[in-house]
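One structure below.
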Amino acid sequence: MIPYGKQDINQDDLDSVLEVLKSDFLTQGPQVPIFENNVSRFVGAKYGVAVNSATSALHIACLSLGFTKGDILWTSPNTFVASANCAMYCGGKVDLVDIDPDTLNMCPKALETKLILAKERGLLPKIVVPVHFAGQSCDMRKIHELSVQYDFKIIEDASHAIGSKYLNQYVGNCAYSDITVFSFHPVKIITTAEGGLATTNQSNLAERMNLFRTHGITKDKNLFDIQSEGPWYYEQHELGYNYRLTDLQAALGISQLKRIHRFIKKRHILREGYEKLIKSEDILLPKQDKNCYSALHLYPIQLRLEALTLSKKEIFESLRDQGLGVNLHYIPVHFHPYYKKLGFNRGDFPHAENYYKRAISIPMFPSMSNKDQEYVVSTLLKTIK
Ligand SMILES: *Cc1c(COP(=O)(O)O)cnc(C)c1O
């Protein structure tokens, strides 16, 4: 089976992890702060807070922005549910903004229209979470402009987009947002097995996220309510969580980050391969926005179903039967029973729904060979015929 995505682990990665295993610290040692520094320096942000998943990062990002009961968060329907769940963890509410069918990202025009309506009704969001789908940045300049006008905070869900660029700057430098969140799940661009990281340029947000990552506990005596009672002393100031990344994972991340350019370059070679080899009017390839350089986490094609005799389901099943680990990104958030129960309906976000009907993610990962790619393309073209 050729999977849709896969990690690339080499001897350096193994050695790095093994070294930590033999050391004194398996968690909360020196590797985590090094990883945080390396990632934040790489993307051009002042602070980085590493946690055990992007889901955790989204949660503490919301908490640090003071998002609480009754507050409203808006995100894209074309995302993994974690982008919306973070609001629910905080007792908040979720609403969605339909995508632009060209970029597959949150549509800035739809966002503006919805904001005008929400203002009239007193239902403005406290946080908007743009998701850089497949690695391609959202129109952050426009979204940031709207955030000033309508007074909301921005958390970029860049789970797909470490190493991506927007207007020639790395996603994650928070030029147009308060916080950016990355994921290091094995299918993403670089991996720590499980893991995530939030970047920000605001020291108070970094401090708050640090607190929420470890039980709400601080060991900084400058922050204590009372004078320290002794060397053992620490204080819990908030209800936080255990969202820490281990030193083992951080060591893997440090090693992986050294190869990020190689990984993304290879993904672009594969993209060029697909663009050259897939010559079919019945298959729409993902468009590359000229303002962006995508890390190409995913390669989602769309089928022109009205011209095909087989259904999407039949094509998908047939590809799987022939050894292609195709996948689908994403089932629209509001289609899930949990969100349906909150009042969403089919038909609410037609562009995301139409995309969902036609989309298939085909294999895209750094260790994929030319032969693999030729097999993927010939199987795909033969199957839809
Ligand atoms: C993978 C992913 C997440 C969650 O990442 P984890 O590290 O697995 O928690 C969140 N949002 C998007 C868009 C993702 O693709």
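The values are calculated or read from the model by the stated rules, or taken from the named source; none is laboratory data. Note that the structure is predicted; figures quoted are calculated from it, not measured. Using ideal geometry, Cβ is built from the backbone for each residue, glycine included, and neighbour counts are taken over all protein chains shown.
Taking K279 and the conditions (1) part of a loop (DSSP other than H, G, I, E, B); (2) at negative phi; (3) modelled with pLDDT of 95 or more, which numbered condition does it fall short on, given that it satisfies the others?
Status for K279: all satisfied but (3).
Checking G196 against (1) more than 16 Å from the ligand (Cβ to nearest atom); (2) out of contact with any Gly (no Cβ under 6 Å at 6 or more places or on another chain): exactly one of these is not met. Which one?
That leaves (1) as the condition not met.
Pairs only if they're at least six apart or on different chains, beta carbon under 8 angstrom, first in segment 143-171 and under 21 Å from L73 (Cα atoms), second of a type in the set (D, E) and more than 16 Å from the ligand (Cβ to nearest atom); list them, first residue then second.
Taking only residues 6 or more apart or on different chains, the pairs are L146/E112; K153/D178; I154/D178; I155/D178.
How many of the residues in segment 187-221 are assigned to a loop (DSSP other than H, G, I, E, B) and out of contact with any His (no Cβ under 9 Å at 6 or more places or on another chain)?
Adding up the residues that qualify gives 6.
So which residues in segment 221-277 are acidic (D, E) and either crowded, with 18+ Cβ neighbours inside 10 Å or closer than 23 Å to G163 by Cβ (or both)?
D247, E272, E275
Here are the criteria: (1) more than 20 Å from Y330 (Cα to Cα); (2) away from the ligand (no atom under 16 Å from the Cβ); (3) without any contact (Cβ under 8 Å) to a residue 60 or more places away in the chain. Tell me which single one Y89 does not satisfy.
(2)
Based on this model, can you work out whether V148 counts as at negative phi and touching a Ser or Thr at 6+ places or on another chain (Cβ under 8 Å)?
Spelling it out, it is not the case that V148 is at negative phi and touching a Ser or Thr at 6+ places or on another chain (Cβ under 8 Å).
For residues in segment 14-44 being free of Cβ contacts under 8 Å to residues at least 24 places away in the same chain and not in a helix (DSSP H, G or I), which is surrounded by the most Cβ atoms within 10 Å (Cβ to Cβ)?
D24
Table: residues versus (1) under 20 Å from the mean Cα position of the chain (by Cα); (2) under 23 Å from C86 (Cα atoms); (3) of a type outside the set (K, R).
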site	(1), (2), (3)
D102	yes, no, yes
P108	yes, yes, yes
L123	no, yes, yes
V131	yes, yes, yes
C138	yes, yes, yes
L146	no, yes, yes
H160	yes, yes, yes
N168	yes, no, yes
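From S64, S76, S40, S53, which residue is hydroxyl-bearing (S, T, Y) and farther than 30 Å from L248 by Cβ?
Going through S64, S76, S40, S53 in turn, the sole match is S76.
Considering only residues that are within 20 Å of the chain's Cα centre (by Cα) and more than 16 Å from the ligand (Cβ to nearest atom), look in segment 354-376 and name the one that is farthest from K266 (Cα to Cα).
It comes out as I360.
Go through (1) in contact with a Cys (Cβ under 9 Å, 6 or more places away or on another chain); (2) farther than 29 Å from P300 by Cα; (3) not charged (D, E, K, R) for L58 and report which single condition fails.
(2)
Looking at segment 63-80 only, could you name the residues that are in contact with a Ser or Thr (Cβ under 9 Å, 6 or more places away or on another chain) and within 13 Å of the ligand (Cβ to nearest atom)?
T75, S76, T79, F80
Mind checking which helices (runs of 4 or more DSSP H) fall wholly inside segment 45-162 and carry at least 2 residues that are surrounded by fewer than 22 Cβ atoms within 10 Å (Cβ to Cβ)?
In segment 45-162, 82-89, 108-121, 140-150 are the helices (runs of 4 or more DSSP H) which contain 2 or more residues that are surrounded by fewer than 22 Cβ atoms within 10 Å (Cβ to Cβ).
Please count how many residues of segment 285-307 are closer than 19 Å to H160 by Cβ, in a strand (DSSP E or B) and not hydroxyl-bearing (S, T, Y).
Of the residues in that region, 4 qualify.
For A84, all conditions in the list (1) within 12 Å of the ligand (Cβ to nearest atom); (2) without any contact (Cβ under 8 Å) to a residue 12 or more places away in the chain hold save one; what is the number of the exception?
That leaves (2) as the condition not met.
From the residues in segment 163-181 that are within 19 Å of N38 (Cα to Cα) and within 16 Å of the ligand (Cβ to nearest atom), which one is surrounded by the fewest Cβ atoms within 10 Å (Cβ to Cβ)?
We begin by selecting, within segment 163-181, every residue within 19 Å of N38 (Cα to Cα); these are 163-165, 169-175, 179-181.
Okay, now just the ones that are also within 16 Å of the ligand (Cβ to nearest atom), so 163-164, 171-172, 179-181.
Details: G163: 26, S164: 24, V171: 32, G172: 30, I179: 31, T180: 34, V181: 32.
Ranking the candidates gives S164 first.
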